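Following: one structure in structure tokens, then a few remarks.
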Amino acid sequence: MNALVLVAEDEPEVARIIMGYLDREGLRTVRAENGQIALDLHQQLKPDLVILDVKMPKLDGFEVLAGLRRRGDTPVIMVTALDEDLDKLQALRIGADDYIVKPFNPLEVVARVKAVLRRAMGRSDSAVIRVGPVEIDLTAYAVNVQTGDARVRVDLTATEFRILSHMARQPTRVFSRAELIDACLPESDTLERTIDTHASNIRRKLQAAGLAAFFEGVRGVGYRLTAAP
């Protein structure tokens with residue numbers, strides 16, 4: 001397991017202990033000392049998992065978690081200094097995969113990290129995403145629509161495929177144009193209106209395959225999928 005773990009922790013000694021134990025297990029680690037650096041490193045390095053302290057300078061852990069969830073589904077373990085039920089509930093509501101309360105046993109952190117990584121790898125092993133009548137094969141880069149007895153292939157460009165597959169992981173959620181750029185075209189200087197063009201093409205191709213209202217625009221916000229056939 002040679003996964004990369006981003007440790008977002010402003011206390012140097014705590015970060016050193018966590019990273020030391022993870023390093024011994026063969027995991028690669030990198031540290032962010034504040035919330036903004038955590039978001040920047042996440043975009044640059046694409047870590048396999050993030051350990052995220054709630055009390056962080058610049059941006060707190062909840063703000064960072066919300067930003068990570070707008071980008072995708074990188075596994076996140078939240079760390080909080082207080083055994084506060086509200087903190088736990090908020091972390092899980094925003095999308096944390098697990099949480100750890102300080103003070104903690106470093107061996108417990110290692111065990112939690114391995115468990116979350118195993119679950120995440122299990123999710124990634126599933127190479128097909130199904131939303132209603134739409135089947136997205138992540139390995140073959142293929143999209144098929146099942147309408148009655150017919151199975152229709154939808155030919156998308158690479159960018160269109162990334163946008164559709166990213167949205168399909170959280171069907172019915174509304175994605176803003178900025179979120180789609182961040183998640184699907186992070187290295188480009190794409191303008192938001194370019195996303196509108198990609199969205200229009202996706203919608204047109206899905207409509208041609210028999211889905212009239214699967215890919216929807218939400219006025220003033222962005223786009224979403226409807227799971228209904």
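The values are calculated or read from the model by the stated rules, or taken from the named source; none is laboratory data. Owing to the predicted nature of the structure, the values given are computational and were not obtained by experimental measurement. Cβ placement follows ideal geometry from the backbone for every residue including glycine, while neighbour counts extend to all protein chains displayed. Ligands, DNA and RNA are stripped out before the accessible areas are found, and what is left, the full protein with its side chains, is counted by its heavy atoms. Shrake-Rupley method; radii C 1.70, N 1.55, O 1.52, S 1.80 Å.
The order of PHE104, PHE175 by accessible area, most exposed first and with a 1.4 Å probe, is PHE104, PHE175.
Could you grab the Rg to Rh ratio for the range 142-210? Cα atoms only, Kirkwood for Rh. Radius of gyration over Kirkwood radius for the range 142-210 works out to 0.99. On a 0 to 90 degree scale, rounded to 10, what angle separates helix 12-24 from the longest Cα axis of the chain? So the inclination is approximately 70 degrees. Computed 3J(HN,Hα) for the range 45-59, one whole-Hz value per residue from the Karplus formula 6.51 cos²θ - 1.76 cosθ + 1.60 where θ = phi - 60°, is 9, 6, x, 7, 7, 10, 9, 10, 6, 5, 8, 10, x, 6, 10, glycine and proline marked x. Both radii are taken from the alpha-carbon atoms of the chain; with Rh as the Kirkwood radius, Rg/Rh is 1.02. Given +1 at the Cβ of Lys and Arg, -1 at the Cβ of Asp and Glu and no other charges, the dipole of the chain around its Cα centre is 820 debye to the nearest 20. The count of lysine pairs in the range 1-145 whose Cα atoms are under 22 Å apart, excluding pairs fewer than 8 places apart on the same chain, comes to 9. Placing TYR141, TYR21 in order of accessible area, with the largest value first and a 1.4 Å probe, yields TYR141, TYR21. Taking Cβ atoms as reference points and 15 Å as the exclusive limit, the residues near MET167 contribute a net charge of +4, counting Lys and Arg as +1 and Asp and Glu as -1. Put a dot 7 Å past the Cα of GLN170, heading toward its Cβ, do the same for ALA212, and the two dots end up 3.0 nm apart. Rolling a 1.4 Å probe over the protein chains gives ASP23 an accessible area of about 80 Å². Database remark: amide H of ALA3 closer than 5 angstrom to the amide H of ARG28 (H placed geometrically; neighbours at sequence offset of 5 or more, or on other chains; Pro and chain starts carry no H). The coefficient of translational diffusion for the range 4-121, derived via Stokes-Einstein from the alpha carbon Kirkwood radius under 37 °C and 0.692 mPa s, stands at 239 µm²/s.
As I understand it, the value is the acute angle between the Cα axis of helix 85-94 and the longest principal axis of the Cα atoms of the chain; what does it come to in degrees, rounded to 10? Once rounded, the angle reads 30 degrees. Please give the helix 106-125 orientation as an angle from the longest Cα principal axis of the chain, in degrees from 0 to 90, rounded to the nearest 10. It works out to around 10 degrees.
In the chain, helices alone account for a calculated mean residue ellipticity at 222 nm of -14000 deg cm²/dmol, with every DSSP H run of four or more residues adding -39,500 (n - 2.57).
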